[in-house]
Amino acid sequence: MAGTLWPWVVLAGLGAWHGLNPAMGWLFAVGLGLQERSRKALFAALVPIALGHALAISLIVFVVVLLGITVPLAWLQVGGAALLIGLGLWKLVRARHPRWVGMRVGFWDLTGWSWVMATAHGAGLMLVPVLLGARSTFCGQSPVGGPGGAFSPVPAMSGVIVHTLSHLAVAALMAWLVYDFIGLAILRRAWFNVDFVWSLTWCWQGLFWLSQGRKRGCRRKGVSAFSRKGLAWLLPLL
């Protein structure tokens with residue numbers, strides 16, 4: 001049971017981490033709620049924000065599914081790890097956010113904004129180590145009964161749903177707490193540098209993922225390159 005549960009726990013944990021990040025939408029929702037002086041407007045804004053986040057994540061998952069059909073897992077592992085480390089270092093050096101035109105936005109404006117922000121922050125890339133690590137969960141079955149070489153779209157998209165629901169729940173909680181109780185002043189007084197931790201998470205995931213692949217190999221009777229013990233070390237950074 002635990003062997004099949006851990007990928008979903010990690011995906012939900014990543015969703016919660018993404019939901020905690022103000023750049024992933026809850027701060028924009030609070031701003032819209034304050035502008036309209038309406039709690040309803042705040043929660044309504046979270047729906048397209050979650051949709052845009054899900055679309056950005058789905059695009060990365062779709063690419064991984066396609067690459068998993070033709071590209072050896074070892075190549076995906078090395079390439080994905082290098083990309084995570086490179087993006088993490090780039091964000092540490094250049095911590096800038098995409099800019100938006102203003103606060104007068106509709107449903108699809110918010111969806112597009114959320115898609116841009118999630119893509120620019122590499123939110124979907126954080127899911128790649130989990131997808132490649134939990135091959136026994138996200139891959140199809142081979143004729144001999146073990147995980148096949150290609151990813152199965154249905155479990156992969158189920159992972160997107162779990163991640164998005166976790167993101168939406170945490171973002172909604174943060175928006176509600178800030179709007180009704182805490183206030184935006186906490187961002188100046190007590191908030192930590194999320195972008196810095198976000199960048200370190202990228203680098204740590206890439207380095208750890210690469211080291212696990214070298215130690216254990218990329219194919220081993222369906223066992224993931226990410227060991228379950230290894231994921232326990234990764235969870236504190238999620």
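Filtering region 63-77 down to residues that are touching a residue at least 40 places away in the same chain (Cβ under 8 Å) and assigned to a helix (DSSP H, G or I), which residue is nearest to the chain's Cα centre (by Cα)?
At the first step, the residues of region 63-77 found to be touching a residue at least 40 places away in the same chain (Cβ under 8 Å) are 64-65, 68-69, 72-74, 76-77.
From what is left, the residues that are assigned to a helix (DSSP H, G or I) are 64-65, 68-69, 73-74, 76-77.
Working: Val64: 14, Val65: 16, Gly68: 19, Ile69: 22, Leu73: 21, Ala74: 22, Leu76: 18, Gln77: 17 Å.
Per the criteria, the residue is Val64.
Can you work out which of the residues in region 159-195 that are of a type in the set (D, E, K, R) and touching a residue at least 40 places away in the same chain (Cβ under 8 Å) is farthest from Leu59 (Cα to Cα)? Please lay out each step first, then the result.
Kept after step one, since they are of a type in the set (D, E, K, R), are these residues of region 159-195: 180, 188-189, 195.
Subset that is touching a residue at least 40 places away in the same chain (Cβ under 8 Å): 180, 195.
Details: Asp180: 35, Asp195: 22 Å.
Looking at residues that are of a type in the set (D, E, K, R) and touching a residue at least 40 places away in the same chain (Cβ under 8 Å), I get Asp180.
Can you tell me which residue is farthest from Gly80 (Cα to Cα) among those in region 191-224 that are outside any helix (DSSP H, G or I) and at pLDDT below 65?
Lys221
Here is a list of conditions, (1) in contact with a Leu (Cβ under 9 Å, 6 or more places away or on another chain); (2) under 23 Å from Gly15 (Cβ atoms), and Ala41 meets all of them except one; can you say which number that is?
Checking Ala41 against (1) in contact with a Leu (Cβ under 9 Å, 6 or more places away or on another chain); (2) under 23 Å from Gly15 (Cβ atoms), the one that fails is (2).
Mind telling me which of the residues Leu66, Leu73 ends up being out of contact with any Asp or Glu (no Cβ under 9 Å at 6 or more places or on another chain), within 15 Å of Val130 (Cβ to Cβ) and not small (Gly, Ala, Ser)?
Leu73
Among the residues of region 1-49, which ones are closer than 22 Å to Pro155 by Cα and either surrounded by fewer than 23 Cβ atoms within 10 Å (Cβ to Cβ) or more than 14 Å from the chain's Cα centre (by Cα) (or both)?
Within region 1-49, Met1, Ala2, Gly3, Thr4, Leu5, Trp6, Trp8, Val9, Ala12, Gly13, Ala16, Trp17 qualify.
Could you check, for region 99-109, whether at least one of its residues is surrounded by 15 or more Cβ atoms within 10 Å (Cβ to Cβ) and either within 28 Å of Phe208 (Cβ to Cβ) or at pLDDT 80 or above (or both)?
The answer is yes; a qualifying residue exists.
Considering only region 1-59, how many residues are without any contact (Cβ under 8 Å) to a residue 60 or more places away in the chain and touching a helix residue (DSSP H, G or I) at 6+ places or on another chain (Cβ under 7 Å)?
Residues that pass the stated criteria total 1.
The values are calculated or read from the model by the stated rules, or taken from the named source; none is laboratory data. Computed from a predicted model, the values in this text were never measured in an experiment. A quick note on method: Cβ atoms are made from the backbone with ideal geometry, for glycine too, and the neighbour counts reach across all protein chains shown.
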